[in-house]
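What follows is a single structure, written as structure tokens, with notes after it.
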Amino acid sequence: MAPRTDSLRFAFQPVVNLTTSAVAALEILARPEAGDIVAEARRDPELDGRLAAFAVRAAARQETLLPLHVNVFAATVADLGGLAVLRDAVREVGRLPWEITVDLGPPFTHVPHAALLEAVDVLRRDGFRICADGVGDGDLPLRLLVDLAPELVKLDASLLAREAAVRAMRTWCEHSGALLAVEGVETERQCAVARAAGAQLAQGELFAPPTRRPVADVYVPAQAPGQAAAVRSGPPVRQFVRPAVLLPVSASAGQVRELLIGSPEVSGVILVDAGGRPVRAVDRDRFLLPLSGRYGHALYADRPAVRLADAPRTVGADATAWEVLDVVADGAPRRSGDDVAVLDPDGRCVGVVRLADVVRALSESRVEEAAGLNPLTRLPGSDAVTREVDRWIGQGRHFALSWLDVDDFKQVNDGAGFAAGDELIRSVGGALQWAASGSTRVGHIGGDDFLVLAEPGALDALAAAVLDLPWSAGGRPVTLSLATVDCPPGGVHDHQQAAACLAPLKRAAKSLRGMSWVLGRAGVPGHRIRRGTGGAPAGAGCGTGGRDVD
């Protein structure tokens, strides 16, 4: 073994968080000075496993606190099961398994899938995180990707030329709870496309090349105005998770002080139990203050650090930025700037979020949301609602999409005047917004058209809120038309198909007299008239068919 590895060196490349511009982790890359040991490792699982162990030890010599990404061929994991040699190296250097992400690389074609999935389960039970590496430029079957359920997906930068594919992968990642990264980013244009497509992480020569020593400073292009995602429920917390600095709960105050003094960029330390679950949290400033006094070091250095720590503030990895603010708001004012620990489903700390990052993200999302609001009703436009439709489809949710408008609105404007027409639109929008509860989304498309996304159980209340009222403009009675398409899981594949299913229902509702409501089901011919009279029979759904009148 020695002759093949004595000239082996390792380089470190940062994995960058595109939201916070901070280094989220380090990928360790083998750099042989002679020969091609990586090609040998492709054919020799035992050698590949040892390379992974060497990589962890090389990172330990650099004394980095950042999480690590270790490259392993998929065939190696399938052949060696739980990768005991890697597990031993992680234990030997004092790292925790959940600080290590195993980047599974191609080829996958001749790897026994059952053995690979069993081995991944072993790694995951030990606490390691799994990344599907090189997606888009390798031979990873989509079905295997789904079965692997990785915590991280790394896309090859070549896919950035096909932005729709990146967006589709982001939708899948959001549905499965994975993060999306793009590797091999070399230009600012590629970085902008990655951001626009929803990637949370990236790495490549643009940010920092692989170096013998880990770098702390990386170049991250500023986010252009208009790029921030406007998600009404708030950006997901995993979008701006920073690496956590973890120490065992038994650590002394002296050990914590030494770490903080040697790492000025560290804002706090999470003290964890043997399972990686937070027990106490150390804030840098509050911790160092008592130790900086005349007798502080003598009094506290040998005492347990938990005596100078606080109860940890925590959120789940599936939380939103608003939930982080709720956690901060519930605590004492003196702790308003503390880091918040992010926990995986097993309660282990996978990182921290800082209040400044959360506030910045929410401010950007609010600016974007405000820019998209209709100036008359202050309701979001169709883009916000259709984005939410696509998200619900990706989550496999059952939903109903409704369209509402004022009958003969041009005549209303001509007869009562535009001021009365504007007041009517504001009132209808207000009634819809008042009736919206829970996850219901109301959008003002423009003019007298409104779009409503809701769960099917909320339809009757929404309909009653607008159809039971006697509307008028300038003393002239006004009626409304409502059309709804019911979309069960799998009924439509995107918001465009849902809109296509809604179109014939709109025509059917407009053909009725009085307050009208027509209800159809995606993919099913026909429709039901819930309110209104008269009108010609019309097809509905995504096909054609007769009318089923209740």
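The values are calculated or read from the model by the stated rules, or taken from the named source; none is laboratory data. Since the structure is predicted, the reported quantities are computational estimates derived from the model, not experimental observations. Every residue, glycine among them, receives a Cβ derived from its backbone with ideal geometry; neighbour counts consider all protein chains shown.
Taking the criterion of being of a type outside the set (A, V, I, L, M), in the same structural domain as A208 (by TED's automatic domain parsing) and closer than 30 Å to G275 by Cα, would at least one residue in the stretch 27-39 satisfy it?
Checking the stretch 27-39: at least one residue is of a type outside the set (A, V, I, L, M), in the same structural domain as A208 (by TED's automatic domain parsing) and closer than 30 Å to G275 by Cα.
Each row is one residue, and each column tells you yes or no for (1) closer than 21 Å to A458 by Cα; (2) crowded, with 16+ Cβ neighbours inside 10 Å.
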| residue | (1), (2) |
| --- | --- |
| H493 | no, no |
| P504 | no, yes |
| I529 | yes, yes |
| G532 | yes, yes |
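Search the stretch 394-421 for residues that are assigned by TED's automatic domain parsing to the domain that holds V478 and pair each with any residue that is in a helix (DSSP H, G or I) and loosely packed, with under 14 Cβ neighbours inside 10 Å when their beta-carbon atoms are under 8 Å apart and the residues are at least 6 apart or on different chains.
G394/H175; Q395/H175; G396/H175
Quick one: which residue in L145, L104 is among the hydrophobic types (A, V, I, L, M, F, W, C), outside the structural domain of A274 (by TED's automatic domain parsing), buried (at least 21 other Cβ atoms within 10 Å of the Cβ) and within 27 Å of D44 (Cα to Cα)?
From the options L145, L104, the qualifying one is L104.
Which ranges mark the helices (runs of 4 or more DSSP H) fully within the stretch 50-127 that have 2 or more residues being modelled with pLDDT under 90 and over 23 Å from D147 (Cβ atoms)?
none
Give the residue, chosen from L68, L116, that is touching a residue at least 24 places away in the same chain (Cβ under 8 Å), closer than 30 Å to V256 by Cα and assigned by TED's automatic domain parsing to the domain that holds A22.
Sole residue among the options that is touching a residue at least 24 places away in the same chain (Cβ under 8 Å), closer than 30 Å to V256 by Cα and assigned by TED's automatic domain parsing to the domain that holds A22: L68.
State yes or no: is G138 part of a loop (DSSP other than H, G, I, E, B) and touching a Pro at 6+ places or on another chain (Cβ under 6 Å)? Before you say what the answer is, go through the steps one by one.
Values: part of a loop (DSSP other than H, G, I, E, B): yes; touching a Pro at 6+ places or on another chain (Cβ under 6 Å): yes.
Yes, satisfied.
Where residues in the stretch 376-390 are farther than 14 Å from S402 by Cα and aliphatic (A, V, I, L, M), which of them is modelled with the highest pLDDT?
L379
Only one of L288, L260 is part of a helix (DSSP H, G or I), in contact with a Leu (Cβ under 7 Å, 6 or more places away or on another chain) and buried (at least 19 other Cβ atoms within 10 Å of the Cβ); which?
Matching residue, one of L288, L260: L260.
When K506 is evaluated against the numbered criteria (1) at pLDDT 90 or above; (2) part of a strand (DSSP E or B), which criterion, by number, is the only one it fails?
(2)
(1) over 28 Å from the mean Cα position of the chain (by Cα); (2) under 30 Å from A192 (Cβ atoms); (3) of a type in the set (F, W, Y): which one isn't true of F54, the others all being true?
Only one criterion in (1) over 28 Å from the mean Cα position of the chain (by Cα); (2) under 30 Å from A192 (Cβ atoms); (3) of a type in the set (F, W, Y) is unmet by F54, namely (2).
So how many residues does the stretch 185-204 have that are farther than 16 Å from G134 by Cα and assigned to a helix (DSSP H, G or I)?
The total comes to 8.
Determine whether the stretch 28-38 contains at least one residue that is more than 30 Å from the chain's Cα centre (by Cα) and part of a helix (DSSP H, G or I).
Looking through the stretch 28-38, at least one residue is more than 30 Å from the chain's Cα centre (by Cα) and part of a helix (DSSP H, G or I).
Quick one: A132 ticks every box in (1) in contact with a Pro (Cβ under 9 Å, 6 or more places away or on another chain); (2) in a helix (DSSP H, G or I); (3) under 20 Å from H69 (Cβ atoms) bar one, so which box is it?
(2)
Which is surrounded by fewer than 22 Cβ atoms within 10 Å (Cβ to Cβ), in contact with a strand residue (DSSP E or B) (Cβ under 9 Å, 6 or more places away or on another chain), at pLDDT below 80 and farther than 25 Å from D133 by Cα, of G226, G234?
Going through G226, G234 in turn, the sole match is G234.
Output the number of the condition that A319 fails; it satisfies all remaining conditions of (1) of a type in the set (A, V, I, L, M); (2) at pLDDT below 80; (3) within 29 Å of the chain's Cα centre (by Cα).
Exception for A319: condition (2).
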